[in-house]
There are 2 protein chains.
Amino acid sequence: MADPTLCCASVVETPLDRVEAANLAHVLAALADPIRLQLFSIVAAQGEVCSCDLEAPLGRSQPTISHHTKLLAEAGLIVGEKRGRWVWWRIEPTRLADVRKALGAD
Amino acid sequence: MADPTLCCASVVETPLDRVEAANLAHVLAALADPIRLQLFSIVAAQGEVCSCDLEAPLGRSQPTISHHTKLLAEAGLIVGEKRGRWVWWRIEPTRLADVRKALGAD
DNA sequence: CCTTAATATCGATAATAGTCAATCTATCAA
DNA sequence: TTGATAGATTGACTATTATCGATATTAAGG
């Protein structure tokens, strides 16, 4: 779903209002899980990864992997492309940059 | 508590191991809540804030505010100093910078 | 001391989130 | 068309978390 509004001032400049806080918290929550962080870093390192190649390194079942990829995708942090029976995931670097900026990147 | 280990390579460079993922997830989880994000941004904007001045703008009870400041402090993101009956909170900018770096700051 | 005030802690509750087995859907191959 | 495979969805269970009332703790001030 990727709520498009992570643009504005950083968290250290101006007090966030409720909507800004909710939007940013939603994206941060997607990253605030060890399995999803590992998943994200594997995808980032390999460029493109099939869902089927995530179960083994993460030690989680297929439905659980599917659940985590869905959350990361809804947060706009990864994008999936279906090719035949497989879904190939890549990260969305601009979205991650938005998060850094929201956390006060110079 | 502020686990000191957020130094290393960013999440987009190398796949995180379990320990790195757990440490980073812990700090991100502290930020991944709307109330704590607002709290953090209020403290950042004002430089120093007393706990007693957080209940009203955040619309939460005193025990809840105390709970959230504790989580942020345990993540190393804010520091509290007791002066008389009051606790004054300030942010830890280096800790926030560590998070940005872990998320791939250039 | 005793009272008041700021904060922390405890206990309970309701909501949220991670996990997996079972099942459904879509795609490909024979 | 049938069988096999990748992924999504559902349902149930458990664990975690946000919240607040009640209580404890600590520090002035009189």
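Bear in mind these aren't lab numbers, they're just calculated from the coordinates by the rules spelled out. From a predicted model like this one, the values you see are computed outputs, not experimental measurements. Here the Cβ positions follow ideal geometry from the backbone for every residue, glycine too, while neighbour counts run over all protein chains shown.
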At q = 0.10, 0.13 Å⁻¹, base-10 log of I(q)/I(0) for chain B (Debye sum, equal scatterers on each alpha carbon):
-0.30, -0.49
What is the helix-to-structure angle for B:62-74, meaning the angle in degrees between its Cα long axis and the longest Cα principal axis of chain B, kept from 0 to 90 and rounded to the nearest 10?
30
Report ³J(HN,Hα) in whole Hz for each residue of the range A:77-94, in order, from the Karplus equation J = 6.51 cos²θ - 1.76 cosθ + 1.60 where θ = phi - 60°; Gly and Pro get x.
8, 9, 10, x, 10, 8, 10, x, 8, 9, 10, 9, 10, 9, 7, 10, x, 5
Looking at chain B as a GNM with Cα springs under 10 Å, which of B:GLU92, B:GLU81, B:GLU20 has the largest mean-square fluctuation?
B:GLU81
Each residue of A:17-26 has, on average, a number of other protein chain C-beta atoms within 10 Å of its C-beta equal to 5
Using only Cα atoms, find the angle between the long axis of helix B:34-46 and the longest principal axis of chain B, and express it within 0 to 90 degrees, rounded to the nearest 10.
70
Cβ-based exposure ranking for A:LEU71, B:LEU103, in which fewest neighbours within 10 Å come first
A:LEU71, B:LEU103
